[in-house]
Amino acid sequence: MKKIIVNSKLCSGCKTCVLNCSFLHHNAFSHKLSNIRILGKEERADFKPTLCIQCEERNCVKVCPVEAISINKNNGAVIVDKDKCILCEMCIDACEYNAIRKTNDTKGNEYIAICDLCNGDPHCVKYCRLGALKYE
C-alpha cells in the first residue's frame, strides 16, 4: 500500500498543498477546508505538513462507535462516511498524529476531516514543488 511520506526539512510553508486539497474536495481555496495542515513557526522557517499518514494502528477506525470510519479497499486510505458519523470526536482523540479534526464545509455543516489520498492520486503531493511530500 502506498502512503504519503513527509519530509519536513523540505517544506517551505508555502501551503500550495493545503489549497490544492481544499479546491479538489470543496471547489474552494481554503486553509480551513483542507485535509492537510502546515504547522510550524514562520519566524524560524520551521514547517511540518500534517495529514493522515495511513498508520498501521488505525486507532481512528477501531474507536468509532458507529463504524463511520473505514479503510478504502482500493488504496488503503482511511475514509469517513459523513452520513454515519455522529461527530463524537473519538477518532480525533485516538489519532496520535494530530491528523484528524472537526471542521465546517462551505455550507457550514460540521464534518470530520481526514486525508482520503484523493482516490490514489494525492493532489498535495502532485503540487508540492519542493518534494516535501512523496507518495510511495
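Here V66 clears all of (1) surrounded by fewer than 15 Cβ atoms within 10 Å (Cβ to Cβ); (2) touching a helix residue (DSSP H, G or I) at 6+ places or on another chain (Cβ under 7 Å) except the condition numbered (2).
So that you can scan it fast, the table gives a plain yes or no per residue for (1) at pLDDT below 95; (2) in contact with a Gly (Cβ under 7 Å, 6 or more places away or on another chain); (3) surrounded by 12 or more Cβ atoms within 10 Å (Cβ to Cβ):
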| site | (1), (2), (3) |
| --- | --- |
| L19 | no, no, yes |
| K41 | yes, no, no |
| I53 | yes, no, yes |
| V61 | no, no, yes |
| C88 | no, no, yes |
| I92 | no, no, yes |
| K107 | yes, no, no |
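Would you mind telling me which numbered condition in (1) open to solvent by 80 Å² or more (accessible area, probe 1.4 Å); (2) part of a loop (DSSP other than H, G, I, E, B); (3) under 25 Å from N20 (Cα atoms) G76 fails? (1) is the only condition that G76 fails. Evaluated against (1) touching a Ser or Thr at 6+ places or on another chain (Cβ under 7 Å); (2) in contact (Cβ under 8 Å) with a residue 40 or more places away in the chain, F29 falls short on exactly one condition, (2). Here G13 meets the list (1) under 18 Å from L130 (Cα atoms); (2) part of a helix (DSSP H, G or I); (3) of a type outside the set (D, E, K, R) almost entirely, failing just condition (2). Residues of the stretch 83-110 that are under 15 Å from the mean Cα position of the chain (by Cα), assigned to a loop (DSSP other than H, G, I, E, B) and within 21 Å of N27 (Cβ to Cβ): D105 alone. Within the stretch 1-31, the set of residues being among the charged types (D, E, K, R) and under 17 Å from D116 (Cβ atoms) comprises K2, K3.
Out of the residues in the stretch 122-136 that are modelled with pLDDT of 95 or more and either acidic (D, E) or part of a strand (DSSP E or B) (or both), state the one that is least open to solvent (accessible area, probe 1.4 Å). Looking at residues that are modelled with pLDDT of 95 or more and either acidic (D, E) or part of a strand (DSSP E or B) (or both), I get L133.
Do we find a residue being closer than 20 Å to K102 by Cα, not charged (D, E, K, R) and not in a strand (DSSP E or B) anywhere in the stretch 35-45? Yes. Considering only the stretch 23-39, state which residues are crowded, with 20+ Cβ neighbours inside 10 Å and within 16 Å of V80 (Cα to Cα). Selection gives L33, S34, N35, I36. Pairs please, first residue from the stretch 46-72 and closer than 15 Å to I100 by Cα and in a loop (DSSP other than H, G, I, E, B), second anywhere and among the basic types (K, R) and open to solvent by less than 50 Å² (accessible area, probe 1.4 Å), Cβ atoms under 7 Å, 6+ apart in sequence or on different chains. Qualifying pairs under 7 Å: I53/K3; Q54/K3.
If the condition is being of a type outside the set (V, I, T) and open to solvent by 50 Å² or more (accessible area, probe 1.4 Å), then the stretch 1-17 contributes M1, K2, N7, K9, L10, S12, C14, K15.
The values are calculated or read from the model by the stated rules, or taken from the named source; none is laboratory data. These figures come from a predicted structure and were not determined experimentally. Positions of Cβ are backbone-derived with ideal geometry, glycine not excepted, and every protein chain shown enters the neighbour counts. Note: areas computed on protein heavy atoms with side chains; ligands, DNA, RNA excluded. Shrake-Rupley method; radii C 1.70, N 1.55, O 1.52, S 1.80 Å.
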